[in-house]
Amino acid sequence: MAKTFAINAGSSSLKFQLFQMPEEEVIAKGLVERIGIGNSIFSIEYGDDQEFEMTEDIDDHGRAVELLFDKLQEFGIVDDLEEITGVGHRVVAGGEDFKESTVVTDAVIERVDELSEFAPLHNPAEAQVMRVFQEKLSNATMVAVFDTSFHTTMPAVNYVYSLPYEYYEDFQARKYGAHGTSHQFVANRAAELVGKPIEELKIITCHLGNGGSITAVDGGKSVDTSMGFTPLAGITMGTRTGDIDPSLIPFLMDKLGIDDVNEMINIFNKKSGLLGISGVSSDMRDVEGAAGEGNERAQLALDIFANRVQKYIGQYIAVMNGVDVIVFTAGIGENSSTTRHRIMDPISVFGALLDPERNDTRKEALISSDDSDVLIYNIPTNEEVAIAREVERLK
Ligand code: AMP
């Protein structure tokens, strides 16, 4: 009867999936949105396509968790909260401290809170949610799973910025990356599909969702990744700039009459990327739709998106001095065969060739052609299962 939660808390949201373990069967999943904003929405799916949604003011994450527990019992999803024997929490920033998933103690929660400097929107909420779960499910094993852990194997040559070195030593200002759970999950799955030990493979994983990052996985270890000190760096994303020249900050602040640098960073995080370039939407489906109707800025957004991914693939072939496998995953990577085609077709020089028919899929599949030197896979990511597995492993 062991049930395990995978919890993903954001500043105003709480996503959850409840698994029956070890079967990994999803018995409920849902989302609380607009926490602390008013008109909060609680939604849950469970059983045989049963759904429930309600709107009320939910003032904080503590109340969100209380409501979740009430509804789990009311809908008969659990008879007794004691059935929930594990809780895995996704944590965005683990800094240099957390090299792997860790059983949650008071000291761990405190450290996650202290690392809020590195993820101001996420870590405080995650620490608060861990405290609430610790209080309400004191017998369950709680595990923190860090987005950054997988990337702690990067060598200094890839994580130290070309800044005065003391900034790294004194303030830990360096590249941390993100999406580690996803990159690790699909890299391991790719090795299984290839049928070789991951230690023998050079893999490039392309996590292309609303947020996106590319990782070079050499011998099973992350050696470089496109996100940086924060998730703002790297490829063009739904609303984030990806890499840009920091000199634009004072220039644009002056032109736009902005005094607060955080306002500028907010524009880089929330109003840029596909949304900013196209002026249409941050959602790839909308941008592809508009481009199909002849919208030139939408087409430019698609071209820039592909171009940035191509450049990182090229970089990471250089970083690893080769590549055996390229993996596409996440909302865009898994579902948009046209995006995969737009990325891979112009870089045939690397010997990674898509097969047009195999590429026409949204499922786990080999999508490269028989004459490709590099295997290309489409592998749906599943960060929630990966989190639940970490809880089981550490129980
Ligand atoms: P994620 O953050 O992983 O949920 O990914 C969200 C992104 O995936 C959004 O940009 C969606 O437009 C995109 N996406 C989902 N399904 C499709 C699809 N069928 N074609 C193109 N993009 C898609």
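The values are calculated or read from the model by the stated rules, or taken from the named source; none is laboratory data. Computed from a predicted structure; not experimentally measured. We place every Cβ from the backbone using ideal geometry, glycine too, and count neighbours over all the protein chains shown.
Just to check your reading of the model, which residue among Phe75, Phe5, Phe19 is surrounded by fewer than 22 Cβ atoms within 10 Å (Cβ to Cβ), at pLDDT 95 or above and aromatic (Phe, Trp, Tyr)?
Working: Phe5 fails: surrounded by fewer than 22 Cβ atoms within 10 Å (Cβ to Cβ); Phe19 fails: surrounded by fewer than 22 Cβ atoms within 10 Å (Cβ to Cβ).
After ruling out the rest, the residue left standing is Phe75.
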Check: Do you know which of the residues in segment 208-250 that are more than 18 Å from Ser282 (Cα to Cα) and of a type in the set (A, V, I, L, M) is farthest from the ligand (Cβ to nearest atom)?
Finding: Ile249
Check: Taking Glu114 and the conditions (1) within 24 Å of Asp147 (Cα to Cα); (2) surrounded by 15 or more Cβ atoms within 10 Å (Cβ to Cβ); (3) of a type in the set (D, E, K, R), which numbered condition does it fall short on, given that it satisfies the others?
Finding: (2)
Next item on the list: Could you pull out the residue among His151, His122 that is under 14 Å from Ala178 (Cβ atoms), at pLDDT below 95 and of a type outside the set (Gly, Ala, Ser)?
Entry: His122
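Residues checked against (1) away from the ligand (no atom under 16 Å from the Cβ); (2) assigned to a loop (DSSP other than H, G, I, E, B); (3) in contact with a Ser or Thr (Cβ under 8 Å, 6 or more places away or on another chain); (4) on the phi < 0 side of the Ramachandran plot:
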{"site": "Arg342", "(1), (2), (3), (4)": "no, no, no, yes"}
{"site": "Ser348", "(1), (2), (3), (4)": "yes, no, no, yes"}
{"site": "Ala352", "(1), (2), (3), (4)": "yes, yes, yes, yes"}
{"site": "Glu357", "(1), (2), (3), (4)": "yes, no, no, yes"}
{"site": "Thr361", "(1), (2), (3), (4)": "no, yes, yes, yes"}
{"site": "Asp371", "(1), (2), (3), (4)": "yes, yes, no, yes"}
{"site": "Pro380", "(1), (2), (3), (4)": "no, yes, yes, yes"}
{"site": "Val385", "(1), (2), (3), (4)": "no, no, no, yes"}
{"site": "Ala388", "(1), (2), (3), (4)": "yes, no, yes, yes"}
Notebook entry, point to check: How many residues are within 12 Å of the ligand (Cβ to nearest atom) and surrounded by fewer than 20 Cβ atoms within 10 Å (Cβ to Cβ) if we restrict to segment 271-287?
Noted result: 5
Notebook entry, point to check: Can you find a residue in segment 298-316 that is surrounded by 20 or more Cβ atoms within 10 Å (Cβ to Cβ), within 16 Å of the ligand (Cβ to nearest atom) and over 24 Å from the mean Cα position of the chain (by Cα)?
Noted result: yes
Check: Quick one: how many residues across segment 245-297 are of a type in the set (Val, Ile, Thr), in contact with a helix residue (DSSP H, G or I) (Cβ under 7 Å, 6 or more places away or on another chain) and either within 19 Å of Met227 (Cβ to Cβ) or outside any loop (DSSP other than H, G, I, E, B) (or both)?
Finding: 4
Next item on the list: Spot the failing condition for Ile326; the list is (1) hydrophobic (A, V, I, L, M, F, W, C); (2) surrounded by 21 or more Cβ atoms within 10 Å (Cβ to Cβ); (3) away from the ligand (no atom under 16 Å from the Cβ); (4) without any contact (Cβ under 8 Å) to a residue 60 or more places away in the chain, and only one is missed.
Entry: (4)
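Given the criterion more than 13 Å from the ligand (Cβ to nearest atom) and on the phi > 0 side of the Ramachandran plot, identify the matching residue among Asn295, Asn262, Asn321.
On the way: Asn295 fails: on the phi > 0 side of the Ramachandran plot; Asn262 fails: on the phi > 0 side of the Ramachandran plot.
Answer to the check: Asn321.
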Margin query: Anything in segment 178-215 that is in a helix (DSSP H, G or I), over 11 Å from Val327 (Cβ atoms) and among the charged types (D, E, K, R)? List them, or say none.
Written below: Glu192, Glu199, Glu200
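How many residues does segment 62-99 hold that are basic (Lys, Arg) and in a loop (DSSP other than H, G, I, E, B)?
Filtering segment 62-99 for residues basic (Lys, Arg) gives 63, 71, 90, 99.
Pick out the ones that are also in a loop (DSSP other than H, G, I, E, B) and you get 99.
Selection size over segment 62-99: 1.
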